[in-house]
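A.B. asks: Provided herewith is a single structure, encoded as structure tokens, for subsequent inquiry.
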Amino acid sequence: MKSNRKEFIRNSTLLGLGVLGLGANAKDIFVSTFTKLDGSLMPNNGRFELAPLGYDYYALEPFIDAQTMEIHYSKHHQTYVNKLNEAIDKEPSLRGKSLDELLLNLSGLPSAVKTAIRNHGGGHWNHSFFWKSMKTGTQMGPNFTKLAIASFGSIETFKSTFEKVSLGVFGSGWAWLILQNNQLKISATSNQDNPLMDAGKTPEMIPKVILGIDLWEHAYYLKHQNKRGAYVTNFWNVVNWDEIELLLK
Ligand code: MN3
């Protein structure tokens, strides 16, 4: 009972701070660069929806196979969307909030739905971002090249660090490339967590997510079985460098 009350007070305080920090441009504060560009993570009449993939299931062949894409998008991603909506239905006060707002204030969410929004809201955000991150045949752009060399010393070091972090994730998770204070950084999260979760209350504290790789086995098992390294190496062939240049603008 005591700890429930403590949790309640803590949540109220966090929510209070969130509200105090809002002001006229509230929506801007809580929307990431990706969501600004894409818009598919804003609820439509209070419901989150699975946006069209934007390309055919076979578009990333031979690097990512059509069957994996079909199951991943139409089954896995759809399930995250459905379960996220179920969680919002249980807590009508959250209806209409953007997914970014929910994730940035994760620790302040009501405890009855916090875990569901973390897992399924995270899953919806991460996969929406992931689909946009992939396209074959694009070339690394000038803005990214400059930043990567400034941050890592060379493109080779950037790539090898990203691969090493991806291989180091134990179990299911993601590896990320984020931009913060003009520095590119590589990090990893477990399950469906992502760098936006509880990132902060001001725009400066919110990292720009530049790239993410899904390291759950469902992302590669049909083609690569247990060989995560082969999947990660192949990933460079499907990185949508055009999208990355847009995110860096
Ligand atoms: Mn996945």
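The values are calculated or read from the model by the stated rules, or taken from the named source; none is laboratory data. Note that the structure is predicted; figures quoted are calculated from it, not measured. Every residue, glycine among them, receives a Cβ derived from its backbone with ideal geometry; neighbour counts consider all protein chains shown.
A.B. asks: State whether the residues of segment 195-205 include one that is surrounded by 15 or more Cβ atoms within 10 Å (Cβ to Cβ), away from the ligand (no atom under 16 Å from the Cβ), in contact (Cβ under 8 Å) with a residue 40 or more places away in the chain and under 10 Å from the mean Cα position of the chain (by Cα).
C.D. replies: Yes: one or more hits.
A.B. asks: For segment 105-126, state whether one or more residues are outside any helix (DSSP H, G or I), touching a residue at least 24 places away in the same chain (Cβ under 8 Å), aliphatic (A, V, I, L, M) and over 27 Å from Glu243 (Cβ atoms).
C.D. replies: Yes, segment 105-126 has at least one match.
A.B. asks: Only one residue in Ala51, Ala150, Ala59 is among the hydrophobic types (A, V, I, L, M, F, W, C), closer than 25 Å to Glu245 by Cβ and more than 22 Å from the chain's Cα centre (by Cα). Which one?
C.D. replies: Ala150
A.B. asks: Continuing with the same structure: Do we find a residue being closer than 20 Å to Leu37 by Cα and within 16 Å of the ligand (Cβ to nearest atom) anywhere in segment 101-120?
C.D. replies: no
A.B. asks: Inside segment 79-102, can you point out the residues that are among the charged types (D, E, K, R), under 19 Å from the mean Cα position of the chain (by Cα) and not in a helix (DSSP H, G or I)?
C.D. replies: The answer is Lys97, and nothing else.
A.B. asks: Here is a follow-up. Just one of Lys114, Lys164 is of a type outside the set (Val, Ile, Thr) and closer than 30 Å to Leu94 by Cα; which is it?
C.D. replies: Of Lys114, Lys164, the one residue that is of a type outside the set (Val, Ile, Thr) and closer than 30 Å to Leu94 by Cα is Lys114.
A.B. asks: Only one of Asn143, Asn105, Asn126, Asn181 is crowded, with 18+ Cβ neighbours inside 10 Å, more than 14 Å from the chain's Cα centre (by Cα) and not aliphatic (A, V, I, L, M). Can you tell me which?
C.D. replies: So the residue among Asn143, Asn105, Asn126, Asn181 that is crowded, with 18+ Cβ neighbours inside 10 Å, more than 14 Å from the chain's Cα centre (by Cα) and not aliphatic (A, V, I, L, M) is Asn105.
A.B. asks: Still on this structure: Can you pull out every residue in segment 64-85 that is of a type outside the set (Ser, Thr, Tyr) and either more than 16 Å from the ligand (Cβ to nearest atom) or free of Cβ contacts under 8 Å to residues at least 60 places away in the same chain (or both)?
C.D. replies: Ala66, Met69, Glu70, Lys75, His77, Gln78, Val81, Asn82, Lys83, Leu84, Asn85 - these are the residues of segment 64-85 that are of a type outside the set (Ser, Thr, Tyr) and either more than 16 Å from the ligand (Cβ to nearest atom) or free of Cβ contacts under 8 Å to residues at least 60 places away in the same chain (or both).
A.B. asks: Also: Give the residues of segment 160-216 that are farther than 19 Å from Leu246 by Cα, at pLDDT 95 or above and of a type in the set (D, E, K, R), sorted by residue number.
C.D. replies: Scanning segment 160-216 gives Glu163, Lys164, Asp193, Asp214.
A.B. asks: So which residues in segment 185-194 are without any contact (Cβ under 8 Å) to a residue 24 or more places away in the chain and of a type in the set (Val, Ile, Thr), if there are any at all?
C.D. replies: Selection gives Thr189 alone.
A.B. asks: Has segment 134-146 got any residue that is under 25 Å from Lys227 (Cα atoms) and among the hydrophobic types (A, V, I, L, M, F, W, C)?
C.D. replies: yes
A.B. asks: On the given criteria, is Gly229 out of contact with any strand residue (DSSP E or B) (no Cβ under 9 Å at 6 or more places or on another chain), away from the ligand (no atom under 16 Å from the Cβ) and at positive phi?
C.D. replies: no
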